[in-house]
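Trainee: Below: one structure in structure tokens.
The values are calculated or read from the model by the stated rules, or taken from the named source; none is laboratory data. As the structure is a computational prediction, the values presented were derived from the model and not from experiment. Cβ placement follows ideal geometry from the backbone for every residue including glycine, while neighbour counts extend to all protein chains displayed.
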Amino acid sequence: MAGDDLLGGENAEQDTDVERARIAHALIAGVRGLPPHEVPDGLCRTCVALLPAFSGLSVSVLGDGADTGVVLCASDDVAARLAEIQYILGEGPCREAVRLRAPVFASDLTRDPDRRRWPLFSDLAVKAGVAAAFSLPLASPGSALGTLDLYRKTPGPLGADRLRTAMLVADAVTLAVIALDHASPDPEGVAGSERRGGAPAPARAGFHPGPYLHGSGPGDHRPQHGPPR
């Protein structure tokens, strides 16, 4: 389904513009005055505030290729773990969202068709207390930069208003990631600097934890440099 269709028809255009402006202002305010290394923290904190219907979220950027990823920020350990296992297993909504450059939703990981589509991911996600996962690509023209990944502890589809807000947040985060990439002194951009700034990458399936991989809990996005659990 095309993004414009998900956001609504022409009748919703004005509401969408108002919502887009609200989100942009919130993200700008959330990172204003922060030193560059604290911007991902502020970005994550603001996304959590903008998306209260979700239990947690993470922002990942692609590394050297579509099979490698770096967690730019995560709201909690569960969100970080969800990002990690998708790159380790090679399956899950975020991998599909990057490949398709379109939103991918799993509204009930406890049953088919979501469980059949990603059996390994679903099993580990449910064991972590996750019932639904939603991935939105951070898309620039011609490519996907990464994903905004959301989860909930209860199953069920998103309503139209929540879906519209999530997509607009993903659009705004895309612009923020592009700005971070341009500002990064690392030749590999933000993915390279985040990877080198965090803990040593585990020797598994191309997953590289950034310094914002582990928060101490919801609402706590301080860098934690320990290895992934």
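Trainee: Restricting to segment 30-40, what's the tally of residues that are surrounded by fewer than 21 Cβ atoms within 10 Å (Cβ to Cβ) and in contact with a Phe, Trp or Tyr (Cβ under 9 Å, 6 or more places away or on another chain)?
Mentor: Qualifying residue count for the region: 0.
Trainee: Consider residue 80 against the criteria (1) over 14 Å from the mean Cα position of the chain (by Cα); (2) touching a residue at least 40 places away in the same chain (Cβ under 8 Å): it satisfies all of them except one. Which criterion is unmet?
Mentor: (1)
Trainee: Need a quick list: helices (runs of 4 or more DSSP H) entirely within segment 45-157 having at least 1 residues that are buried (at least 24 other Cβ atoms within 10 Å of the Cβ) and at pLDDT below 95.
Mentor: Answer list for segment 45-157: 77-89, 93-100.
Trainee: Continuing with this model, one more query. From (1) in contact with a Cys (Cβ under 9 Å, 6 or more places away or on another chain); (2) more than 21 Å from residue 157 (Cβ to Cβ), pick out the condition that doesn't hold for residue 85.
Mentor: (1)
Trainee: Could you say whether any residue in segment 163-173 is loosely packed, with under 15 Cβ neighbours inside 10 Å and out of contact with any strand residue (DSSP E or B) (no Cβ under 7 Å at 6 or more places or on another chain)?
Mentor: The answer is no, given that none of the residues of segment 163-173 is loosely packed, with under 15 Cβ neighbours inside 10 Å and out of contact with any strand residue (DSSP E or B) (no Cβ under 7 Å at 6 or more places or on another chain).
Trainee: Go over the candidates 138, 120, 124 one by one and state the one that is touching a residue at least 12 places away in the same chain (Cβ under 8 Å) and more than 20 Å from residue 57 (Cβ to Cβ).
Mentor: Answer to the check: 120.
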